Amino acid sequence: MADEKLRKLLSPVRLASLTLRNRVFVPGHTTNFGLHNEPTARLAAYHAERARGGAGLIITEAIRVHPTSAGRSISLGSFTDASVPAYQRVTDAVHEHGARIFAQVMHAGRQANGDATRTAAWSSSPVAWAAGAHVPHAMGRRDLATVVDAFAAAARRMRRAGFDGLEVHAGHGHLLQQFLSPHTNRRADDYGGSLANRMRLTHEVLAAVHAAVADLPVGLRISADEFLPGGLDPDAMVEIVARLRAEHPLAYVHVSHSAYHGSWSLATQMADMSFGHAPFRHHAARFSREFPDLPVLAVCRLDSLPEAAELIAAGEADLVGLARPHIADPHLVRKAAAGRQHETRSCLACNQGCIARVEASLPITCVVNPEVGVEREWASAWRRPTAPRRVLVVGGGPAGLAAATAARRAGHRVTLAEAADDLGGQVRVAARVPGRERLGLLTRDLAAEARAAGVELLLGHRVTAAGVRDGGYDDVVVATGSRPARRALPGGPPVLDLWQAVDLLAAPGAGGGAYVVLDDDGTWAASSVAEALARRGARVHLVSPTASLAARITTYSRLALLRRFTELGVVVHPLRTLRVVDGGTLALTGPLAGVDVPVDDVTAVVDAGAPAADDTLFRHLDAAPDGPRIHLVGDANAPRTTLEAVYEGRYAGAFLGRHDSPDAAAVALAY
């Protein structure tokens with residue numbers, strides 16, 4: 001049955017006047033690969049790789065139609081005819097590999113960040129998207145006419161650039177949704193108040209776009225639910241789509257959800273591993289039932305092709321979109337079609353290399369796929385032969401596994417030694433925390449790749465400096481990781497490091513009592529343990545010396561985390577440190593005026609402070625006057641995250657003996 005579902009997913013399908021080679025599409029997602037608001041060769045190569053990997057349809061990230069929506073120069077836009085050749089290079093690159101490509105046209109409205117461009121954001125009403133955000137300019141009639149004309153002009157340019165169709169973005173809290181929603185539309189003119197008035201701008205935009213590209217299919221992306229009080233819900237959106245469809249020849253409806261709003265709603269837009277698989281599939285199913293003759297595109301946390309195929313088999317969607325899985329493995333469709341689905345690199349839904357970097361105005365990458373956005377440079381590196389070397393990799397965590405596989409792929413003889421009886425390193429520990437289990441997919445896949453590549457694995461084998469020097473190796477990659485912190489509290493309650501806290505969570509019957517979790521770094525380490533303890537019935541206080549909670553977790557995930565903390569009763573104390581009062585009583589003190597906060601009957605303190613590099617082997621090898629070349633990667637180099645560990649490991653393994661080559665420089669500089 002599973003094979004039958006997959007066959008249907010991978011079979012050709014008609015979409016308006018087009019035939020797609022399968023029902024899998026890559027939905028629009030921000031890459032930050034633009035320059036001066038135009039696509040680059042880097043973006044063309046990125047989409048070409050996903051087309052080569054078998055996707056039936058690619059929908060671009062939002063192409064902003066007017067400078068008031070530009071936000072940053074690395075976003076995409078089409079403001080003049082001069083942008084057409086750059087977009088033509090993207091469509092040519094995709095068409096070369098047999099996929100279709102649609103241009104998504106959009107105006108961001110109130111969340112267009114004007115800090116870079118010194119412009120005011122435009123919206124239906126002067127309502128900011130989040131506390132502390134800029135208040136937008138409430139659009140006048142001339143502004144509205146300007147935006148409608150801009151949509152039409154951008155659509156004409158996309159037609160000239162060779163796109164197969166267009167998608168008008170009326171979801172995710174962008175400008176058109178800001179007019180549609182009573183939550184944001186407070187106008188009293190012809191564009192506000194009644195539903196007909198709130199729909200007026202969307203009608204005008206669709207009419208203008210259709211007139212501009214009468215021969216191309218035009219789809220509509222919507223948010224089925226804003227998850228906001230007084231906002232749009234599925235009933236309202238069904239009515240809106242029915243009205244729009246009555247007046248405009250929509251090729252499809254692309255059903256997403258959420259609003260760009262500083263609340264849990266925004267977290268659903270990039271649902272992380274805490275949400276579980278396909279948490280919003282019921283929205284697409286609703287529109288499929290309501291509009292059986294209108295193609296429905298489904299999206300969000302469809303983690304794999306078999307899972308996505310469930311929606312097609314159930315009649316809940318006609319096409320299924322996988323964005324982050326295509327970032328993780330651009331060839332997932334071709335692998336499945338060839339019966340090699342077991343080779344697919346799994347998306348972790350961690351949001352670490354994709355949306356977290358977008359939020360920081362950096363180009364996207366991926367924890368499990370460091371080649372994202374650097375496809376051309378890595379391809380050149382893999383093609384260049386190198387003299388075989390004898391390589392020892394010490395450490396079987398993500399950095400070591402990535403290094404070993406890359407070195408084998410580069411043609412070297414590789415042995416990987418791991419002191420523990422299992423591979424995975426610290427990620428194996430982190431994946432034991434309830435709610436973070438998907439992290440285990442990373443080391444599962446890396447271990448499978450290493451074995452398939454022919455890496456010799458020595459488990460339960462502790463390496464010494466003497467053993468390295470006597471082993472006759474040309475290179476040694478030191479990937480020994482780091483160890484957690486544990487600061488003493490003399491006279492206070494017991495202190496657990498993170499590994500001990502994870503062991504506690506796994507103990508039968510553990511839970512209850514009061515725990516203080518010290519969070520110096522603002523990463524998932526502290527927050528996930530605090531959440532897990534609270535779910536076991538403990539009273540949890542999360543204490544940070546910084547002003548921000550979980551500052552190194554992307555906003556898209558942090559907003560959902562905060563909601564869970566509220567539901568679980570986790571008490572957060574920013575700008576606080578600990579002081580022992582007496583035995584199990586602690587005082588939380590801080591630099592601002594105010595009394596200390598007492599915490600009584602503390603069972604234990606969990607110290608999630610900065611870890612220390614486990615670099616003893618490196619120090620011994622480095623002190624010797626001779627021996628093999630040393631490559632230090634991952635946390636053994638400096639404690640950071642899996643994102644850096646996998647990248648450093650792969651880079652070290654791929655460029656052993658040629659770090660000064662043009663290919664190595666191109667890969668390094670492209671990040």
Only one residue in Ala48, Ala16 is under 23 Å from His254 (Cβ atoms), in the same structural domain as Phe79 (by TED's automatic domain parsing) and under 28 Å from the mean Cα position of the chain (by Cα), so which one is that? Ala48
Taking Ile312, is it among the β-branched types (Val, Ile, Thr), in contact with a Cys (Cβ under 7 Å, 6 or more places away or on another chain) and part of a helix (DSSP H, G or I)? no
Restricting attention to the stretch 322-353, report how many residues are among the hydrophobic types (A, V, I, L, M, F, W, C), more than 15 Å from Ala309 (Cα to Cα) and not in a loop (DSSP other than H, G, I, E, B). 2
For the stretch 615-639, the count of residues that are outside any helix (DSSP H, G or I) and surrounded by fewer than 18 Cβ atoms within 10 Å (Cβ to Cβ) equals 7
Determine which single condition Leu266 fails, assuming it passes every other condition in (1) assigned to a helix (DSSP H, G or I); (2) out of contact with any Leu (no Cβ under 9 Å at 6 or more places or on another chain); (3) closer than 27 Å to Pro136 by Cβ. (2)
Filter result for Phe280 (buried (at least 18 other Cβ atoms within 10 Å of the Cβ) and closer than 19 Å to Gly171 by Cβ): yes
Can you list the strands (runs of 3 or more DSSP E) lying wholly within the stretch 1-92 that have 3 or more residues being out of contact with any Phe, Trp or Tyr (no Cβ under 6 Å at 6 or more places or on another chain) and farther than 18 Å from Ile364 by Cα? 13-15, 18-20
All positions within the stretch 497-548 that are without any contact (Cβ under 8 Å) to a residue 60 or more places away in the chain, over 23 Å from Thr585 (Cα atoms) and out of contact with any strand residue (DSSP E or B) (no Cβ under 9 Å at 6 or more places or on another chain): Ala507, Pro508, Gly509, Gly522, Ala547, Ser548
Only strands (runs of 3 or more DSSP E) wholly contained in the stretch 473-535 count here; list those with 3 or more residues that are in contact with a His (Cβ under 8 Å, 6 or more places away or on another chain). 475-478, 514-519
Does Arg408 meet the test of being over 23 Å from Thr40 (Cβ atoms), surrounded by fewer than 24 Cβ atoms within 10 Å (Cβ to Cβ), assigned by TED's automatic domain parsing to the domain that holds Asp293 and basic (Lys, Arg)? no
Select from the stretch 53-68 the residues that are over 14 Å from Gln104 (Cα atoms) and either among the small types (Gly, Ala, Ser) or surrounded by fewer than 19 Cβ atoms within 10 Å (Cβ to Cβ) (or both) and list them in ascending order. Gly53, Gly54, Ala55, Gly56, Pro67
Going by the structure shown, is Leu592 surrounded by 16 or more Cβ atoms within 10 Å (Cβ to Cβ) and either of a type outside the set (Lys, Arg) or farther than 30 Å from Gly471 by Cβ (or both)? no
Could you list all residues from the stretch 329-363 that are under 10 Å from the mean Cα position of the chain (by Cα) and either more than 22 Å from Leu76 (Cβ to Cβ) or outside the structural domain of Leu57 (by TED's automatic domain parsing) (or both)? Cys347, Leu348, Ala349, Cys350, Gln352
Could you say whether any residue in the stretch 165-177 is assigned by TED's automatic domain parsing to the domain that holds Pro67, under 28 Å from the mean Cα position of the chain (by Cα) and either over 30 Å from Val238 (Cβ atoms) or modelled with pLDDT under 95 (or both)? no
Determine whether the stretch 130-142 contains at least one residue that is under 24 Å from the mean Cα position of the chain (by Cα), in contact (Cβ under 8 Å) with a residue 12 or more places away in the chain and in a strand (DSSP E or B). no
Say we look at the stretch 516-539 and pick out the residues that are crowded, with 22+ Cβ neighbours inside 10 Å and in contact with a Pro (Cβ under 9 Å, 6 or more places away or on another chain); which of these is farthest from Leu575 (Cα to Cα)? Ala532
One residue is enough: does the stretch 542-562 have a residue meeting the conditions outside any loop (DSSP other than H, G, I, E, B) and more than 26 Å from the chain's Cα centre (by Cα)? yes
Of everything in the stretch 354-384, what is in a loop (DSSP other than H, G, I, E, B) and either under 18 Å from Ala654 (Cβ atoms) or touching a His at 6+ places or on another chain (Cβ under 6 Å) (or both)? Give them in sequence order. Thr365, Cys366, Val367, Val368, Asn369, Pro370, Glu371, Val372, Gly373, Val374, Arg384
Would you mind telling me which numbered condition in (1) at pLDDT below 95; (2) charged (D, E, K, R); (3) touching a helix residue (DSSP H, G or I) at 6+ places or on another chain (Cβ under 7 Å) Asp190 fails? (1)
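The values are calculated or read from the model by the stated rules, or taken from the named source; none is laboratory data. Here the structure is a predicted model, which means the values were calculated and not measured. All Cβ positions, glycine included, derive from the backbone under ideal geometry; neighbour counts span all protein chains shown.
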